[in-house]
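For reference, the structure is listed below as C-alpha cells.
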Amino acid sequence: QVELVESGGGLVQPGGSLRLSCAASGGIFSPNTMGWYRQAPGNQRELVAIITSGGSTGYADSVKGRFTISRDNAKNTVYLQMNSLKPEDTAVYFCNYQTVFRNVWGKGTLVTVSS
C-alpha cells in the first residue's frame, strides 16, 4: 500500500518562497510519475508539475519559471520549490504517485500566500 506524506506548506508573503516535500513509502515501483496538484477554494484540482522516474518534467503554464519540481529516487521523495509566490498560488497542494496500475494521492498541505 503506497502512502504519500506531504510537508512544507504554510503562510508566506507575496514574492516569497516555499519548498514542499512528499515522501512515498510502501511498495514503490518504477517506472512511475510523481507530481503536485493544487486545489483552491471553489476550484477544481489542477496540475502544477510532474516528474517521471527518469527525470522528465512538465509544468502548468501558470507556474513555469517560478516553480521547480525535483525528486530523489533513493529516498522516494519529490520536492516542489516555489519561488516568486503570488496570492493566486494559494491552495491545498496534493502529491500524486502514478504507475500503470496505481494512482495514489496524499492528504494535501495548505499554502497560503498573503501579506
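Couple of notes before you dig in:
- Where chymotrypsin sites (Phe, Trp or Tyr not before Pro) fall in DSSP loop in segment 8-103, at most 11 other Cβ within 10 Å: Phe101
- For segment 26-86, the solvent-accessible area with a 1.4 angstrom probe is 53 square angstrom per residue.
- Across segment 44-57, rounded Karplus estimates of 3J(HN,Hα) from the backbone phi angles (6.51 cos²θ - 1.76 cosθ + 1.60, θ = phi - 60°) give 7, 5, 10, 5, 10, 7, 9, 8, 7, 5, x, x, 6, 10 Hz, Gly and Pro being marked x.
- Segment 30-75, relative contact order [Cα under 8 Å, separation at least 6], %: 31 percent
- Looking at segment 1-110, the trypsin sites (Lys or Arg not before Pro) that sit in a DSSP loop and have at most 13 other Cβ atoms within 10 Å of their own Cβ are Lys64, Lys75, Arg102, Lys107.
- Neighbourhood net charge (15 Å Cβ-Cβ; Lys/Arg +1, Asp/Glu -1) for Val48: +2
- Distance-filtered residues of segment 67-93 - backbone nitrogen under 19 Å, label point 7 angstrom along Asn103 Cα→Cβ: 93
- Each Cα pair under 8 Å and six or more residues apart adds its sequence gap; the mean of these over the residue count of the chain is a relative contact order of 37 percent.
- Computed over the chain, the range of Cα coordinates on each principal axis works out to 41, 25, 22 Å, biggest value leading.
- Total formal charge among the other residues, if their Cβ is under 13 angstrom from that of Ile69, Lys/Arg +1 and Asp/Glu -1: +4
- Beta-bridge orientation, the chain: approximately 95 percent antiparallel, per DSSP, counting only bridges with both partners inside.
- Solvent-accessible area assigned to carbon and sulfur over the chain amounts to 49 percent, based on a 1.4 Å probe.
- Virtual spin-label span in nm between Glu46 and Gln13, 7 Å along Cα→Cβ: 2.6 nm
The values are calculated or read from the model by the stated rules, or taken from the named source; none is laboratory data. Since this is a predicted model, take the numbers as computed values, not measurements. Neighbour counts run over all protein chains shown; Cβ positions are idealised from the backbone, glycine included. Note: accessible area is taken over every heavy atom of the protein model, side chains too, but ligands, DNA and RNA are not part of it. Shrake-Rupley method; radii C 1.70, N 1.55, O 1.52, S 1.80 Å.
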